[in-house]
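The values are calculated or read from the model by the stated rules, or taken from the named source; none is laboratory data. A quick note: this is a predicted structure, and the numbers were derived from the prediction, not measured. Heads up, the Cβs are rebuilt from the backbone with ideal geometry, glycines too, and the neighbour counts pull from every protein chain shown. Accessible surface is based on the protein model in full, side chains and every heavy atom, while ligands, DNA and RNA are left aside. Shrake-Rupley method; radii C 1.70, N 1.55, O 1.52, S 1.80 Å.
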Amino acid sequence: MDKQKLIINGGRKTEGEISVHGAKNAALPLLAATVLIKDGECIIHNCPRLTDVDAALRILSHIGVRCRRDGSTVISNAAAVANFEIPVSMMREMRSSIVFLGAVLGRAGRCRMSYPGGCELGPRPIDLHLSALRSMGAVIEESHGFLDCTAPKGLFGSNISLSFPSVGATENIMLAAVTAEGVTEIHNAAKEPEICDLSAFLVSCGAEISGAGTDTVLIRGGKKLHGCEYSVMPDRIATVTYLCCAAVTGGELVLTGADISHIGAVIPVFRQMGCRVYSFGNDSIYINAPQSLRAPHTVRTMPYPGFPTDAQAPLMAVCTVADGTTVFVENIFDNRYRHVSELLRMGAQIKTEGRVAVVQGVRQLSAAELVSPDLRGGASLVIAALAAEGTSTIGGTAHIDRGYESIENALRSVGADIKRI
Ligand code: UD1
């Protein structure tokens, strides 16, 4: 049971500089990919210190990948992978551990893991992952909550059309396909920057992949893979979260180690609200927010390059104090408004109906005792508490620690009154 709480005394501007950590959603598939590398070490820089990453490192150790961490660098050696079974406890720790399926199957020709089941965002089906792997020669038995996968005749290239551009399915197919015989084509592939990062990492290891970042990815399997040195891309959702912290407090921040090209659908929303946002130098973003924000009209979450579902909750917290009404339409997950009931406790005015949430901005939120419902929902409560009058407490910090490297230190360094107890 997570007993820690964040205590936030709202009403202070966030001003200064925050260095954005590496992307959780890129680091996890990259770490899974290291399973495939029989020859040499992988040196992965900018690997964020997050509990989800720790969980991935525990899975790697369990299956025989030797890993050590030195600051934000992880060094892995998968020469001695001996285990192809991932215990239930490890699968439960992190739902996205399904990304190990393609990698372990590709490396060992078999894999046994528990079915990831539902999560706080609602059911997380993996039908697209499984049907794609089956078309590549995998035999997958699903029984008693377990997936037993083998590739009796080896994996072979396949022509796959995804009915939805699933990020995890695209990654799993890529991971399995680099070891398969022949060419795999993924049509309607996810185009997220994390897919490009995985592709670039695998290419650095000797794989032949083209088209990552477009809707058709081609993988020529069977290349000999070797270790490499690679740096994980910046976390685009942490970037948006810190932009939200500046916006909601009328603050001014410089985010370093960030990439504005990954958040192209989000920047116009900040500008509509009256913020000045631009990039400068190689990897910095500047934001200056006005005292009072204009509400953006409509925010629809979409697969990349559309507005990211992971940024919906953080942005909603900002809209609760903007001048006007914002309509949110959540198109990716069924159950992604669990932060709303907590925001209501702070005096926000929000109505939800299915996939739609209508936010009517109020002049001021008031502090409350809150519980993070999930990772990005937790971040939205932190953002709201920064703007609220009084001292809020936020429980369920374990959710937040899955995706933000010491959020309290980052925000305290830019003037927020926040501590963890
Ligand atoms: C990844 C991200 C998550 C982000 C999401 C959407 C990681 C570790 N997580 O999750 O933060 O919110 O992308 O950008 O990278 N679906 C199916 N069948 C499947 C697979 C998915 O129906 O086999 C549905 C899901 O239920 C969901 C939608 O497709 O409604 C998107 O899921 P997907 O793109 O697969 O998200 P994840 O890879 O799980």
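Keeping the other protein chains in place, figure out the carbon and sulfur percent of the accessible area of the range 213-289, with a 1.4 Å probe.
Numbers: 1300 of 2750 Å².
It is 47 percent, rounded to a whole number.
Extension gain for residue 159 to residue 144 (0.36 nm times residue separation, less C-alpha to C-alpha distance): 2.4 nm. R0 = 25 Å: FRET efficiency of residue 271 with residue 187, Cβ-based, nearest 0.05? In this case the efficiency is close to 0.15.
Per residue, the accessible area of the range 234-420 comes to 36 Å², computed with a 1.4 Å probe over protein heavy atoms only. Going by alpha carbons, how many degrees (0 to 90, nearest 10) lie between the helix axis of 167-177 and the longest principal axis of the chain? That works out to roughly 20 degrees. The string of couplings for the range 324-331 from the Karplus curve (6.51, -1.76, 1.60, θ = phi - 60°) is x, 10, 10, 9, 9, 10, 8, 9 Hz, one whole number per residue in order, with x for Gly and Pro.
Ligands, DNA and RNA aside, residue 127 has an accessible area near 90 Å² when probed at 1.4 Å. Our estimate of slack between residue 3 and residue 134, defined as 0.36 nm per intervening residue step minus the Cα-Cα distance, is 42.9 nm.
For the chain, the longest principal axis of the Cα atoms and the long axis of helix 24-33 meet at an angle of about 10 degrees. Rounded to the nearest 10 degrees, the angle from helix 193-204 to the longest Cα principal axis of the chain is 40 degrees. In the range 234-420, the DSSP beta bridges split such that about 70 percent are antiparallel, to the nearest 5.
Taking 28 Å as the limit for the C-alpha separation, the pairs 153/223; 3/351; 153/224 exceed it in the case of 3/351.
Taken one residue at a time, the phi angles of the range 362-376 give Karplus couplings (6.51, -1.76, 1.60, θ = phi - 60°) of 10, 5, 8, 8, 10, 5, 7, 8, 10, 10, 5, x, 6, 4, 6 Hz. Gly and Pro are set to x. In this structure the amide hydrogen of residue 417, modeled in the peptide plane, comes within under 5 Å of the amide hydrogens of 9, 12, none closer than 5 places in sequence on its chain.
Around the amide H of residue 227, modelled in the peptide plane, lie the amide H atoms of 39, 40, 41, all under 5 Å away and 5 or more residues distant in sequence or on another chain. Heavy-atom accessible surface of residue 164, to the nearest 10 Å², is about 80 Å², with a 1.4 Å probe and all protein chains retained.
For the chain, relative contact order (Cα pairs under 8 Å, six or more residues apart, normalised by length) works out to 21 percent. In this simple spin-label model, placing a label point 7 Å from the Cα along the Cα-to-Cβ direction at both residue 344 and residue 369 gives a separation of 1.9 nm.
Please report, in debye to the nearest 20, how large the charge dipole of the chain is about its Cα centre when each Lys and Arg carries +1 at its beta carbon and each Asp and Glu carries -1 there.
Values: 39 positive and 41 negative charges, 60 e Å.
Here the chain has a charge dipole of around 280 debye.
If R0 equals 35 Å, the separation of the Cβ atoms of residue 298 and residue 389 corresponds to a calculated FRET efficiency of about 0.75. Specify whether the C-alpha gyration tensor of the range 234-420 places it in the rounded, prolate or oblate class, a ≥ b ≥ c being the square roots of the eigenvalues: rounded for a/c under 1.5, otherwise prolate if a/b is larger than b/c and oblate if not. Because its axes are fairly even, with a/c under 1.5, the range 234-420 counts as rounded.
Which of rounded, prolate or oblate describes the range 28-230 when judged by the alpha-carbon gyration tensor and an a/c cut-off of 1.5? In terms of gyration-tensor shape, rounded. A Förster radius of 22 Å, combined with the Cβ-Cβ distance separating residue 85 from residue 335, puts the computed FRET efficiency at roughly 0.15. Computed from label points 7 Å out along Cα-Cβ, the spacing between residue 216 and residue 279 is 2.8 nm. As a fraction of the 1.4 Å probe accessible area of the range 45-154, surface on carbon and sulfur atoms comes out at 50 percent. Using θ = phi - 60° and the Karplus relation 6.51 cos²θ - 1.76 cosθ + 1.60, list the HN-Hα couplings for the range 232-244 in order, rounded to whole Hz, with x at every Gly or Pro. For the range 232-244, the Karplus-derived couplings read 5, 4, x, 7, 6, 7, 4, 4, 5, 4, 6, 4, 5 Hz, x marking Gly and Pro.
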